[in-house]
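K.L.:
Pasting in a structure now, in structure tokens, and then I'll have a few things to ask.
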């Protein structure tokens, strides 16, 4: 069999058959003038496109409009070409002329433009690839005249629930509408969220609240719109939603409690991103406010996800709730023979020389007590940025005090104890030499 294909006669017959097919299907007058229309439209676009690109490159209106026009510049040639070929195709259809070549050209150009737009607007590579597959599939089905039969086949695969008929075509349409609406909602959320975050009149907690409410609203609207395309009566969802609410009330009490606690935190603004808090044995700054938890990052870099309910039902220390200034107390001690007044002055001076210590309120050093082995002092300082750490400021101040005390010969004593042995009579002492036996004790 394979030997027959290697003969010259077989190749000659195949070439003649291909020539006859081209002559009967492609190299006909109707197809030639359609190809001529496609070529002429491309020539017109090549002349007009540079001028249109120059116009789109000029700043027009707000910066967003200018950026959008710049993104559309690479699409000028295919868009204008699609417009001209589409007009020619519709004219041919209205006049009853052959327009198969024009129809194929329109399908291919539309698929190419859809893929190009998706690659520029859709950042997720998976979604961009999905758009490309769908676009080329629709173009291929349209070219092969299989689009209408495919639609009829999808519509024939259906199930009925009373008066509701749910077909595979309806599910595909709903999925497509949902994907498009979610994508548009994401774009809108990104733009509005950027405006909210740059608003100086809104606190961080209110910004988070508005952002989350907007996301929930847009996603809900997208889902309801996609469901409505299937023909489902949305009023029937009221009873179903009530049943779900009862189930949530019994089975997801803690989850719902955390959700409402998060909403309360956003409304009363008791905790907001950037606050330094201490709750449930965890000290750190608030990173984000979630629907179920609050993210608190410690100085060790560990992120703790604390349920919102903890911030409502337990005692919370918020170091930056109304004022970011925090006072630190640093205990010290000097020897009884040292100049205490000079030590007080040095402590205040060292604290004032530390960069993060506030000048107002000014540092204060007080004599607190006369201890067992030292004079107890206490240095009180104020800082305005506790989110940058507390112990590092304390360390800087103590290092400066250590150096100043050494320069001024001020001693920092260590704990001492005097031990007194009290006996009734003389203590017996016995000396035993090497190789000697037990002897009598010597007084």
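Nothing in this text is a laboratory measurement; each read-out follows from the coordinates by a stated rule. These figures come from a predicted structure and were not determined experimentally. For neighbour counting, all protein chains shown are included, and Cβ atoms are generated from backbone atoms with ideal geometry for every residue, glycine included.
K.L.:
If you stretched the chain out fully between residue 124 and residue 188, how much longer would it get, using 0.36 nm times the residue separation minus the C-alpha to C-alpha distance?
P.N.:
Additional length available on full extension: 21.4 nm.
K.L.:
Between residue 391 and residue 229, what is the FRET efficiency for a Förster distance of 56 Å, r being their Cβ-Cβ separation, to the nearest 0.05?
P.N.:
E(calc), rounded to 0.05, equals 0.40.
K.L.:
With label points built 7 Å along Cα→Cβ from the Cα atoms of residue 180 and residue 55, find their separation and express it in nm.
P.N.:
2.7
K.L.:
Okay, next question. Ranking 417, 100, 430 by Cβ neighbours within 10 Å, fewest first, what do you get?
P.N.:
With the fewest neighbours first, 417, 100, 430 line up as 417, 430, 100.
K.L.:
Where the centre of each part is set by its Cα atoms, how far does the range 262-302 sit from the range 371-394, in angstrom?
P.N.:
Their Cα centres are 25 Å away from one another.
K.L.:
May I ask you to sort 347, 365 by Cβ crowding, counting other Cβ atoms within 10 Å and putting the fewest first?
P.N.:
In increasing order of surrounding Cβ atoms, one gets 365, 347.
K.L.:
How far is the Cα center of the range 112-145 from the Cα center of the range 30-52, in Å?
P.N.:
About 24 Å separates the Cα centre of the range 112-145 from the one of the range 30-52.
K.L.:
For residue 217 and residue 159 in the same chain, what is the full-extension length gain: residue separation times 0.36 nm, less their Cα-Cα distance, in nm?
P.N.:
That works out to 17.8 nm of additional length.
K.L.:
May I ask you to compute the full-extension gain from residue 256 to residue 297, defined as 0.36 nm times their residue separation minus their alpha-carbon distance, rounded to one decimal in nm?
P.N.:
Extending this stretch completely gives an extra 12.3 nm.
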